[in-house]
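Let me begin by presenting the structure, written as structure tokens, before commenting on it.
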Amino acid sequence: MRYKEDFIIKTYKRFPVAFAKGKGAKLWDVDGKEYIDFLSGIGVLNVGHCHPDVVSAIQKQSSLLIHTSNLFHISSQEELAERLFKLTGMLSFFCNSGAEANEAAIKLARAYGKPKGKYKIISALNSFHGRTLGALSATGQEKYREKFQPLIPGFSFAPFNDLSAFTSLMDDETCAVILEPVQGEGGVYPADKDFLRGVYELCLEKGILLILDEVQTGLGRCGALFCYQLYDIKPHIVTLAKSLGGGVPIGAMLAQPDVAEAFSPR
Ligand SMILES: Cc1ncc(COP(=O)(O)O)c(C=O)c1O
């Protein structure tokens, strides 16, 4: 088959296949060839392709109402926030993607740090937090960053799993550390227990927020509902997306209630 890519701006390198149908762990391409899907939409489909509950929820909602806006109460959004609160003790802000959830986390950390003049964020080399300008500023991979420099100031990078390198970057202007509990896009590198717990304890000691990017690790992917539970820590901010919507674009930033207070309606 010929692919009609002439009208698409070239950003992603694509494999020469287009899928037409999916069910559970299987996919079928436009020519009917069957595949086993080991990629699951890069960690989006934790319950598989076209899970009947996901399909029926989309069908039901789309036949009732597709959009209002954040100017009004959205009962399904409030219900999800309550469920997430019962699971995490955190309040939710909803958006459409992982990058946006990280944008919100960066903004919340800056708003929280502002009264004390704190705005710097420490991230890990080899990390991935998304392709929007703020999320990219937090992403420690030069190949994604180089074309868009200069990025947002205030970000610095230390090698993943190197506690002393992270410690040496912390100063009185540091408002947050952002980390993936398992680096995903960078090559599947789990955080050592001593490292993540060490960063967490330093953050508590120095009044720095710990943002955990669980866009890829969250919602059961690592064996617990949230990966941070496996490390026995309580991050201040957690970002989610991907499998939160089972393929529908939903992102969320979860924050401890006292941190969330740094945001107010505008
Ligand atoms: C850890 C992590 N954070 C953020 C993102 C960006 O999410 P999105 O593609 O939904 O913007 C990704 C995407 O792969 C990711 O793996």
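When the pairs Lys116/Lys206; Lys118/Lys206; Lys114/Lys206; Lys10/Lys143; Lys193/Lys234 are compared against a 18 Å limit on Cα-Cα distance, every pair falls at or below it. Note on exposure: Cys50, Cys203 ranked by accessible area (1.4 Å probe, complete protein assembly) read Cys50, Cys203, with the most exposed listed first. Only one residue of Leu27, Thr217, Leu45 has its Cα farthest out toward the positive end of the dipole of the chain, where Lys and Arg carry +1 and Asp and Glu -1 on Cβ, and that residue is Leu27.
For the stretch 157-196, backbone nitrogen atoms closer than 15 Å to the point 7 Å from Glu142 Cα along Cα-to-C-beta are found at 157-159. Considering only alpha-carbon pairs that sit under 8 angstrom and 6 or more positions apart, the relative contact order computed for the chain is 20 percent. Take each peptide in 188-197, 103-112, count the other Cβ atoms within 10 Å of every residue, and average; sorted highest first, the result is 103-112, 188-197. Rounded to the nearest 5, the antiparallel percentage of DSSP beta bridges internal to the chain is 55%.
Using a 4.7 Å Cβ-Cβ cutoff, the cysteines of the chain lacking any partner cysteine are Cys50, Cys95, Cys175, Cys203. Derived from the Cα gyration tensor, the three semi-axes of the equivalent ellipsoid of the chain are 32, 23, 18 Å, largest first. When only Cα pairs below 8 angstrom with a gap of at least 6 residues are kept, the stretch 70-166 shows a relative contact order of 21 percent.
Only helices enter this figure: runs of n ≥ 4 DSSP H residues, each worth -39500 (n - 2.57), summed and divided by the residues of the chain, yield -8500 deg cm²/dmol at 222 nm to the nearest 500.
The values are calculated or read from the model by the stated rules, or taken from the named source; none is laboratory data. Remember, it's a predicted structure, so these values are computed and weren't measured experimentally. Cβ coordinates were reconstructed from backbone atoms using ideal geometry, including for glycine residues, and neighbour counts include every protein chain displayed. SASA here: full protein model, heavy atoms, side chains in, ligands and nucleic acids out. Shrake-Rupley method; radii C 1.70, N 1.55, O 1.52, S 1.80 Å.
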